[in-house]
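*Asks:* Structure below; questions to follow.
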Amino acid sequence: MKRIVTTLLCALALFSCSKEGAWAPGEMAVDKSAAADGGSGREGQGPVQAAPGLLTAGEWNDLDNWPFWGRLMTPKPDSGQQEQDPQEQDPQESPDYSGMTRYWGFNTAGRVAVKLANGDGTPAPGVSVHLLQGGKTVWMARTDVLGRADCWVGMFDQQAGGGSLSITLDGTPVEGEPLVTTWQDEVKLNEYSYGTYTLDAPQPKADILFIVDATGSMSDEIAFLKADLVDILGKVEQANKGADIRTGALFYRDEGDNYLTRVSPFSGDYSSTLSFIRKQSADGGGDYPEAVHTALEHSIQKLAWRPEARTKIAFMLLDAPAHHDHQGVVESLHKSIEYYASQGIKLIPVASSGVDKDTEFMLRFFAIATGGTYVFLTNDSGIGGDHIEATVGEYQVEILNDLLVRLIVKYLG
């Protein structure tokens, strides 16, 4: 299924991927104990000196591969548990992960895909898109640098009242009822013209946040992630000298640890973010889930995102899910993701070793709802614990460092 770039392999050790058996919602991963020295978590491997450009990753955008996602989400009669590895199945016979919709409470069955262009055909970024049902706003989003936005019918409330659908652009109603894309459809694109509209030109603005799980189970990879983040910021600075880019960072742990979150506010001085990142280390945790919901809440409450910025990205690097069974946690996740979408903040997860299927789909819901994309570390680097195979189609293994820079450049426009 994967196409591995030959030039990457000459310096990287290959390791076989562990294969999963049956899955059920709520199933948790096995012990995630990590190498204390921050090197390879694999038996028989000695420590590897942390350096940028060693971690490998793949990317899969569910919004761009909608039929594939629809097959995963559509309940299958008498499907039972899937014993065959998902990567080895024909996409037409993809495993049934419809239970994830109920488990995390994200319903993606009613997608309203919007593409907005200026009069000259160029994308119109930063436009507030409201989806209304029966005259009541049910979802808010903002167009990105590609002029794209997605709204959702019944994302968190499938029992909401009915009524006809309508769209407003920066408060101006659009004629006609928008087309809705279900799990069984190819994407039905609602294309609109918006006159002449350009956001924050000629100097584009961008706010980029790194949210990092700093619990003990991340110790096998966090040194490498830190090295990559430092290197990525330097590359972005060199490649976008005409842009007004601010960076920030938020490291989080869990209830009962010596801290819950540590924040480095947005700053146009890269050295401020770099200094903060270099001082962080992995510790604490204990159980598998971590304070993901608190990290998202604080990324809104403790950081001042610029409304006028054309690009707003939150990279979330983690290896464990939220506390699904704690009261109010799922509702908190919904509120944060809904806010992210309304402000045009793309959440791009980076799934590390130890991620199970519950966590994978939680992160993919985050990415879908905010217009982001799913990034996952792979075993090809030989660094850290085992990485499960993502339930995706064909993808290309890349150096994580290069992949994240590519995404920043793509969404900066």
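*Asks:* Is one or more of the residues making up region 80-96 modelled with pLDDT of 75 or more and either polar (S, T, N, Q) or not in a loop (DSSP other than H, G, I, E, B) (or both)?
*Replies:* no
*Asks:* Then there's this: Does region 355-406 hold any residues that are among the aliphatic types (A, V, I, L, M) and in contact with a Ser or Thr (Cβ under 7 Å, 6 or more places away or on another chain), and which are they? Can you show your working first?
*Replies:* From region 355-406, those among the aliphatic types (A, V, I, L, M) are 355, 362-363, 367-369, 375, 377, 383, 388, 390, 392, 397, 399-400, 403-405; that's our starting set.
The answer is 367, 368, 377, 383, 388, 397, 399, 400.
*Asks:* A further question follows. Please count how many residues of region 294-318 are within 14 Å of the chain's Cα centre (by Cα) and open to solvent by 30 Å² or more (accessible area, probe 1.4 Å).
*Replies:* Adding up the residues that qualify gives 0.
*Asks:* Just to be sure, is residue 117 at negative phi and at pLDDT 95 or above? Write out each step before concluding.
*Replies:* Numbers: at negative phi: yes; at pLDDT 95 or above: no.
In short, no.
*Asks:* Let me ask something additional. Take region 328-350 and flag every residue that is buried (at least 24 other Cβ atoms within 10 Å of the Cβ) and either assigned to a loop (DSSP other than H, G, I, E, B) or modelled with pLDDT under 95 (or both).
*Replies:* Residue satisfying the conditions is 344 alone.
*Asks:* In region 359-367, is there at least one residue being more than 11 Å from the chain's Cα centre (by Cα) and touching a residue at least 40 places away in the same chain (Cβ under 8 Å)? Lay out the reasoning, then the answer.
*Replies:* Of region 359-367, the ones more than 11 Å from the chain's Cα centre (by Cα) are 359.
Subset that is touching a residue at least 40 places away in the same chain (Cβ under 8 Å): 359.
Taking every residue of region 359-367 in turn, at least one turns out to be more than 11 Å from the chain's Cα centre (by Cα) and touching a residue at least 40 places away in the same chain (Cβ under 8 Å).
*Asks:* Can you pull out every residue in region 108-132 that is in a loop (DSSP other than H, G, I, E, B) and open to solvent by 20 Å² or more (accessible area, probe 1.4 Å)? It would help to see each step written out before you state the result.
*Replies:* Initial filter on region 108-132 (in a loop (DSSP other than H, G, I, E, B)): 108-110, 118-122, 124-127.
Passing the criteria: 109, 119, 120, 121, 122.
*Asks:* Just checking, how many residues over region 49-68 are surrounded by fewer than 19 Cβ atoms within 10 Å (Cβ to Cβ) and in contact with a strand residue (DSSP E or B) (Cβ under 6 Å, 6 or more places away or on another chain)?
*Replies:* Within region 49-68, residues that are surrounded by fewer than 19 Cβ atoms within 10 Å (Cβ to Cβ) and in contact with a strand residue (DSSP E or B) (Cβ under 6 Å, 6 or more places away or on another chain) number 1.
*Asks:* If you don't mind, another one. Looking for something within 13 Å of residue 115 (Cβ to Cβ), at pLDDT 95 or above, assigned to a loop (DSSP other than H, G, I, E, B) and not basic (Lys, Arg) - is there at least one such residue anywhere in region 148-170?
*Replies:* no
*Asks:* To continue, here is another question. Where in region 174-278 are there strands (runs of 3 or more DSSP E), lying fully within it, with 3 or more residues that are buried (at least 19 other Cβ atoms within 10 Å of the Cβ) and β-branched (Val, Ile, Thr)?
*Replies:* 205-213
*Asks:* Now for a separate question. Please count how many residues of region 164-173 are within 27 Å of the chain's Cα centre (by Cα) and open to solvent by 70 Å² or more (accessible area, probe 1.4 Å). Before the answer, list the steps.
*Replies:* The first filter runs over region 164-173 and keeps only residues within 27 Å of the chain's Cα centre (by Cα), leaving 167-170.
Pick out the ones that are also open to solvent by 70 Å² or more (accessible area, probe 1.4 Å) and you get none.
Looking only at that region, the number is 0.
*Asks:* Among the residues of region 377-402, count how many are surrounded by 24 or more Cβ atoms within 10 Å (Cβ to Cβ) and part of a strand (DSSP E or B).
*Replies:* Total meeting the criteria: 1.
*Asks:* May I pose another question? Of a type in the set (Gly, Ala, Ser), part of a loop (DSSP other than H, G, I, E, B) and either within 18 Å of residue 208 (Cα to Cα) or touching a Ser or Thr at 6+ places or on another chain (Cβ under 6 Å) (or both): does that describe residue 320? Explain how you work it out, then say what you get.
*Replies:* Values: of a type in the set (Gly, Ala, Ser): yes; part of a loop (DSSP other than H, G, I, E, B): yes; either within 18 Å of residue 208 (Cα to Cα) or touching a Ser or Thr at 6+ places or on another chain (Cβ under 6 Å) (or both): no.
Here the answer is no, as residue 320 does not meet what is asked.
*Asks:* Next question. Failed condition for residue 405, given (1) open to solvent by 10 Å² or more (accessible area, probe 1.4 Å); (2) β-branched (Val, Ile, Thr); (3) outside any helix (DSSP H, G or I), with all others met?
*Replies:* Only one criterion in (1) open to solvent by 10 Å² or more (accessible area, probe 1.4 Å); (2) β-branched (Val, Ile, Thr); (3) outside any helix (DSSP H, G or I) is unmet by residue 405, namely (3).
*Asks:* Working only within region 133-163, note down all residues that are among the hydrophobic types (A, V, I, L, M, F, W, C), closer than 23 Å to residue 66 by Cα and open to solvent by 10 Å² or more (accessible area, probe 1.4 Å).
*Replies:* Of region 133-163, the ones among the hydrophobic types (A, V, I, L, M, F, W, C) are 138-141, 145-146, 149, 151-153, 155-156, 160.
Subsequent filtering for residues that are closer than 23 Å to residue 66 by Cα retains 138-141, 145-146, 149, 151-153, 155-156.
Matches in region 133-163: 138, 140, 145, 146, 153, 156.
*Asks:* Go through region 354-373 and give me each residue that's among the hydroxyl-bearing types (Ser, Thr, Tyr) and surrounded by fewer than 24 Cβ atoms within 10 Å (Cβ to Cβ). Break it down into steps so the answer makes sense when it comes.
*Replies:* If we filter region 354-373 for residues that are among the hydroxyl-bearing types (Ser, Thr, Tyr), which is where we start, we get 359, 370, 373.
373 - this is the single residue of region 354-373 that is among the hydroxyl-bearing types (Ser, Thr, Tyr) and surrounded by fewer than 24 Cβ atoms within 10 Å (Cβ to Cβ).
*Asks:* Which condition breaks for residue 288 when tested against (1) buried (at least 19 other Cβ atoms within 10 Å of the Cβ); (2) not in a loop (DSSP other than H, G, I, E, B); (3) not charged (D, E, K, R)?
*Replies:* (2)
The values are calculated or read from the model by the stated rules, or taken from the named source; none is laboratory data. As the structure is a computational prediction, the values presented were derived from the model and not from experiment. Please note: Cβ atoms are built from the backbone with ideal geometry, for glycine as well, and neighbour counts cover all protein chains shown. The protein model used for the area step is the full one, side chains on, heavy atoms only, and it has no ligands, DNA or RNA in it. Shrake-Rupley method; radii C 1.70, N 1.55, O 1.52, S 1.80 Å.
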